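Report on one structure; see the data block that follows.
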Amino acid sequence: MSGGETTIDTTKASVARVYDALLGGKDNYEVDRVVYRSVLESDPQAPATAVAIREWLVRVVRWLAGPAGMDQFLDCGSGLPTQENTHEAAQRLNPEARVVYVDNDPVVGAHGRALLEENPFTHFVEADLADPDALLGHPDVTRNLDLDRPYVLMQCNTLHHLMDDEDPHGIMRRYIDALPSGSYVALCHFWDPQDEDPESSTFAKDMEQRLTGSSMGSGRFRTRDEIAAYLEGLEPVEPGLVRLHEWWPDGPRLTPLTSMDRVLLSGVARKP
Ligand SMILES: C[S@@+](CC[C@H](N)C(=O)[O-])C[C@H]1O[C@@H](n2cnc3c(N)ncnc32)[C@H](O)[C@@H]1O
């Protein structure tokens with residue numbers, strides 16, 4: 001699928017629109033705000049975590065486009081354009097860094113195309129990230145990225161929206177097998193910290209029920225081992241899989257962590 005008719009389903013919450021609500025955006029409907037309010041019921045500070053995710057993403061992209069010298073980004077499940085997006089962070093360091101955004105939400109598609117039309121190095125592709133072969137063979141992807149050269153595969157808050165029967169690990173294996181040597185993966189994922197932090201584990205289990213039981217229908221909190229398994233065969237970049245604020249923060253932390261902050265695991269890894 002590459003664009004075409006835009007059909008917006010307002011009978012069910014969409015991940016992109018609930019996330020938009022958490023980030024203070026206006027591209028959401030009442031059906032999305034039902035899920036948003038349920039999230040707030042469990043953690044009233046959850047919007048601060050959505051902001052922390054975006055700050056993490058900018059730090060990661062900045063490092064990849066700068067010191068790591070990466071000039072191609074495949075941002076899977078990019079979400080609605082927000083304050084600072086991957087292409088803005090990357091192109092500040094390298095104006096010719098190429099970014100292809102992928103999302104299957106028609107609202108994201110409409111906004112993505114509108115926002116990015118004028119920049120020749122940035123493109124949006126409406127496709128399903130759960131089908132890596134189709135995505136990596138999509139003409140709008142292969143026209144704009146040279147997939148034989150190292151690139152950054154971004155899976156930021158996407159894989160937890162694939163339920164276990166969709167085989168997220170098998171999907172990720174296909175992506176990683178296809179990466180040329182010297183490529184990077186950036187990952188952020190809902191985490192059930194189990195033995196490491198039992199209180200947060202209880203929170204994660206409650207949040208998982210709220211999300212999977214909602215009309216949105218997804219949001220799996222996986223264990224550290226399950227999240228690490230996505231990156232099997234890759235070299236972890238320091239400091240490995242950590243909470244968002246532990247990934248090369250900009251400075252000392254001035255506010256307490258939210259409950260949601262404690263149940264996200266993030267990291268970057270390189271294909272040898
Ligand atoms: C929580 S948002 C994350 C946005 C951004 N990556 C971030 O971390 O800030 C997840 C995005 O993934 C998209 N998404 C979920 N499942 C997808 C699929 N199977 N194919 C393409 N996009 C998908 C949603 O539409 C949504 O925009």
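The values are calculated or read from the model by the stated rules, or taken from the named source; none is laboratory data. On a predicted model such as this, the values are computed, not experimentally measured, just so you know. Cβ sites come from the backbone with ideal geometry, for glycine too, and all protein chains shown count toward neighbours. Quick note on the areas: whole protein, heavy atoms, side chains included, nothing else; ligands and nucleic acids left out. Shrake-Rupley method; radii C 1.70, N 1.55, O 1.52, S 1.80 Å.
Checked against (1) assigned to a loop (DSSP other than H, G, I, E, B); (2) within 13 Å of the ligand (Cβ to nearest atom); (3) at pLDDT below 95, GLU118 meets all criteria but (2).
Counting only residues that are closer than 17 Å to ARG54 by Cβ and without any contact (Cβ under 8 Å) to a residue 24 or more places away in the chain, which one in the stretch 24-41 is least open to solvent (accessible area, probe 1.4 Å)? Can you show your working first?
Here is the first cut: in the stretch 24-41, the ones closer than 17 Å to ARG54 by Cβ are 24-28, 36, 39.
Still in the list and also without any contact (Cβ under 8 Å) to a residue 24 or more places away in the chain: 24, 26, 28, 36.
Details: GLY24: 57, LYS26: 178, ASN28: 20, TYR36: 54 Å².
Looking at residues that are closer than 17 Å to ARG54 by Cβ and without any contact (Cβ under 8 Å) to a residue 24 or more places away in the chain, I get ASN28.
Inspect the stretch 238-249 for any residue being part of a helix (DSSP H, G or I), open to solvent by 40 Å² or more (accessible area, probe 1.4 Å) and modelled with pLDDT of 95 or more and give the result as yes or no. The answer is yes, given that some residue of the stretch 238-249 is part of a helix (DSSP H, G or I), open to solvent by 40 Å² or more (accessible area, probe 1.4 Å) and modelled with pLDDT of 95 or more.
Take the residues in the stretch 169-193 that are part of a loop (DSSP other than H, G, I, E, B) and hydroxyl-bearing (Ser, Thr, Tyr), then tell me which one is surrounded by the most Cβ atoms within 10 Å (Cβ to Cβ).
At the first step, the residues of the stretch 169-193 found to be part of a loop (DSSP other than H, G, I, E, B) are 179-183, 192-193.
Going one step further and asking which of them are hydroxyl-bearing (Ser, Thr, Tyr), we end up with 181, 183.
Details: SER181: 8, SER183: 22.
Checked the stretch 169-193; the qualifying residue surrounded by the most Cβ atoms within 10 Å (Cβ to Cβ) is SER183.
Looking only at the stretch 73-113, residues that are assigned to a helix (DSSP H, G or I) and near the ligand (Cβ under 9 Å from one of its atoms) come to 3 in all.
Report yes if ALA52 is surrounded by 18 or more Cβ atoms within 10 Å (Cβ to Cβ), within 30 Å of ASP133 (Cα to Cα), modelled with pLDDT of 95 or more and more than 10 Å from the ligand (Cβ to nearest atom), otherwise no.
Working: surrounded by 18 or more Cβ atoms within 10 Å (Cβ to Cβ): yes; within 30 Å of ASP133 (Cα to Cα): no; modelled with pLDDT of 95 or more: yes; more than 10 Å from the ligand (Cβ to nearest atom): yes.
For ALA52, the condition - surrounded by 18 or more Cβ atoms within 10 Å (Cβ to Cβ), within 30 Å of ASP133 (Cα to Cα), modelled with pLDDT of 95 or more and more than 10 Å from the ligand (Cβ to nearest atom) - is not met.
There is at least one residue in the stretch 11-23 that is acidic (Asp, Glu), within 10 Å of the ligand (Cβ to nearest atom) and open to solvent by less than 70 Å² (accessible area, probe 1.4 Å). Taking first residues from the stretch 191-211 that are at pLDDT 95 or above and partners that are surrounded by fewer than 16 Cβ atoms within 10 Å (Cβ to Cβ) and of a type outside the set (Gly, Ala, Ser), the Cβ contacts under 6 Å between residues at least 6 apart in sequence or on separate chains come to SER201/GLN194. Checking each residue in the stretch 124-148 for being away from the ligand (no atom under 15 Å from the Cβ) and closer than 17 Å to ASP75 by Cβ picks out THR142, ARG143, ASN144, LEU145, ASP146, LEU147.
A Cβ distance below 6 Å, combined with a sequence gap of six or more or placement on separate chains, defines the contacts here; from the stretch 153-165, residues that are in a helix (DSSP H, G or I) reach residues that are open to solvent by 30 Å² or more (accessible area, probe 1.4 Å) and near the ligand (Cβ under 8 Å from one of its atoms) in the pairs HIS161/VAL15.
For every residue, the table says whether it meets (1) surrounded by fewer than 20 Cβ atoms within 10 Å (Cβ to Cβ); (2) among the acidic types (Asp, Glu).
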{"site": "ASP103", "(1), (2)": "no, yes"}
{"site": "HIS111", "(1), (2)": "no, no"}
{"site": "PRO120", "(1), (2)": "yes, no"}
{"site": "GLY137", "(1), (2)": "yes, no"}
{"site": "ASN157", "(1), (2)": "no, no"}
{"site": "ASP167", "(1), (2)": "yes, yes"}
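Tallying residues that are closer than 13 Å to CYS76 by Cβ and either aromatic (Phe, Trp, Tyr) or more than 19 Å from the chain's Cα centre (by Cα) (or both) within the stretch 149-177 yields 2. With respect to (1) open to solvent by 30 Å² or more (accessible area, probe 1.4 Å); (2) over 22 Å from SER214 (Cβ atoms); (3) out of contact with any helix residue (DSSP H, G or I) (no Cβ under 8 Å at 6 or more places or on another chain), the lone exception for VAL60 is condition (1).
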